[in-house]
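Accompanying notes for the structure given below.
Bear in mind that the values in this text are calculations on the coordinates, not laboratory data. Please read these numbers as outputs of a predicted model, since none were measured by experiment. Cβ atoms come from the backbone with ideal geometry, glycine included; neighbour counts cover every protein chain shown.
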Amino acid sequence: MTLLTGGFVVAMAFVTAALSGVFGMAGGLLLMGGLALVLPVQAAFVTHGVLQLVANGWRAVLHRRHVRWDIVGWYAAASLLAGVFVALLAFTPSKPLLFLLLGLVPGLTWLPQRWIKLDAARPPQAFLSGLSVTGLNLTAGVAGPLLDIFFVRTELTRHAIVATKAATQVFAHLAKILVYGAPLVAAGAKDLPPWPVFGLAVPLSMAGTFAGGLILDRMSDVNFKRWTRWIVTAIGGLYLVQAAQLLLAG
């Protein structure tokens, strides 16, 4: 890995953690695409998983008094099942398919709320969110917009939404690390960034999470939901363009 690529990964870790600290999902979407630009797909999945595990875990710690642990428990159980299933399939998307999926995922944020009858506060639906969100996370790299659908009709505050989603995503990203990391480690882990890059990126990810939390405290619930939708849609549009370019390039 070149010095420029390593610096890019480190910088993205801070910026995207700050973005996730505010909106709960936009940062992960941006980070996955950025990593896929400079790393092989499997290595991008594992690197994304490590950095997002730290960012989400730290965000859950910072906002731990707002976490709904009953939701997290049901999600974790389903996440385990989804991880085992995808591992058995041994599926890894190509880079064009990955960017196509990354570009399409934000479209979920535009589903009319009247169509959505899901509520993560209900145990069966919390379990369903674990299955579907972790499954999408393991195939598209991110699943924030899908996870958000399960929180649209909850009565949770913006702090509780961000904190609970962060806690659930610890399990989703852990599954990603295990499913894609095991084959890479067995092959010598040559495609992964060197440990010094992780050594810098991890604390900066935590710092970005803290910075994002400060911004979150100053936002209203209305602005929080409005900005989330437009930001992830813009990022998704860029990924669709990238997917088209890769497909046309052969």
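State the Cα centre-to-centre distance between segment 1-17 and segment 158-221 in whole Å.
14
Placing +1 on the Cβ of each Lys and Arg and -1 on the Cβ of each Asp and Glu in the chain, which of Leu102, Ile149, Gly57 has its Cα farthest towards the positive end of the resulting dipole?
Going by the Cα projections, it comes out as Ile149.
Against the longest alpha carbon principal axis of the chain, how many degrees, from 0 to 90 and to the nearest 10, is the axis of helix 221-249 turned?
In the chain, helix 221-249 runs at an angle near 30 degrees to the longest axis.
Once R0 is set to 22 Å, what does the formula 1/(1 + (r/R0)^6) return for the Cβ-Cβ distance between Leu111 and Trp230, expressed as a FRET efficiency to the nearest 0.05?
Values: r = 15 Å, r/R0 = 0.69.
Plugging the Cβ-Cβ distance into 1/(1 + (r/R0)^6) gives 0.90.
With charges only on Cβ, +1 for K and R and -1 for D and E, what is the dipole size of segment 3-249 about its Cα centre, in debye, rounded to 20?
Values: 17 positive and 7 negative charges, 81 e Å.
Its charge dipole is roughly 400 debye.
With springs connecting C-alpha atoms under 10 Å apart, model the chain as a Gaussian network and identify which of Ala140, Ala60, Ala160 has the largest mean-square fluctuation.
Ala160
Give, to the nearest whole percent, the P(r) tail of segment 159-229 beyond 16 angstrom, counting all Cα pairs. Could the numbers behind the result be given before it?
Numbers: 1666 of 2485 pairs.
Cα-Cα pairs of segment 159-229 separated by over 16 Å account for 67 percent.
Using only the alpha-carbon atoms, how far is helix 123-140 inclined from the longest principal axis of the chain? Give it as 0 to 90 degrees, nearest 10.
20
If you place +1 on the Cβ of every Lys and Arg and -1 on the Cβ of every Asp and Glu, how big does the dipole about the Cα centre of segment 1-145 come out, in debye to the nearest 20? Spell out each step's value before the answer.
Working: 8 positive and 2 negative charges, 60 e Å.
My answer is approximately 280 debye.
Working only with C-alpha atoms, what are the Rg and Dmax values of segment 111-162, expressed in angstrom?
11.0, 30
In Å³ and rounded to a whole number, note down the convex hull volume per residue for the Cα atoms of segment 3-249. Walk me through the numbers before you get to the answer.
Working: hull volume 28.8 nm³, N = 247.
Per residue, the Cα convex hull of segment 3-249 comes to 117 Å³.
Report the label-to-label distance for Leu240 and Phe91 in nanometres (one decimal), using points 7 Å from each Cα along the Cα→Cβ vector.
Each label point is offset 7 Å from its Cα along the Cβ direction, giving 2.2 nm.
Starting from the Kirkwood radius over alpha-carbon pairs of segment 1-134, derive D by Stokes-Einstein at 25 °C in a medium of 0.890 mPa s and give it in µm² s⁻¹. Before the final figure, lay out each step's value.
Numbers: Rh = 16.5 Å.
D = 148 µm²/s.
Full extension from Arg153 to Asp217: what is 0.36 nm times the residue separation minus their Cα-Cα distance, to one decimal in nm? Don't jump to the answer; show the numbers that get you there.
On the way: separation 64, 0.36 × 64 = 23.04 nm, distance 2.16 nm.
So the extension gain works out to 20.9 nm.
At 0.36 nm per residue, and after removing the present C-alpha to C-alpha distance, how many nm does the segment from Ala187 to Val84 gain when stretched out fully? Could the numbers behind the result be given before it?
Numbers: separation 103, 0.36 × 103 = 37.08 nm, distance 2.05 nm.
Result for the pair: 35.0 nm of gain on full extension.
Could you tell me how many degrees, from 0 to 90 and to the nearest 10, lie between the Cα long axis of helix 41-62 and the main elongation axis, the longest principal axis, of the Cα atoms of the chain?
Between the helix axis and the principal axis of the chain, the angle is about 40 degrees.
Tell me which trypsin sites (Lys or Arg not before Pro) from segment 146-250 have a DSSP coil assignment and no more than 16 other beta carbons within 10 Å of their own.
Values: sites: Arg153, Arg158, Lys165, Lys176, Lys190, Arg218, Lys225, Arg226, Arg229; in loops: Arg153, Lys190, Arg218.
Of the trypsin sites (Lys or Arg not before Pro), the ones in loops of segment 146-250 whose Cβ has at most 16 other Cβ atoms within 10 Å are Arg153, Lys190, Arg218.
Between Arg122 and Trp69, how many nm apart are label points set 7 Å from Cα along the C-beta direction?
2.5
Over the chain, calculate the relative contact order: mean separation of alpha carbon pairs under 8 Å at least 6 apart, over the residue count, as a percent. It would help to have the intermediate numbers written out before the result.
On the way: 386 pairs, mean separation 99.0, N = 250.
It comes to 40 percent, rounded to a whole number.
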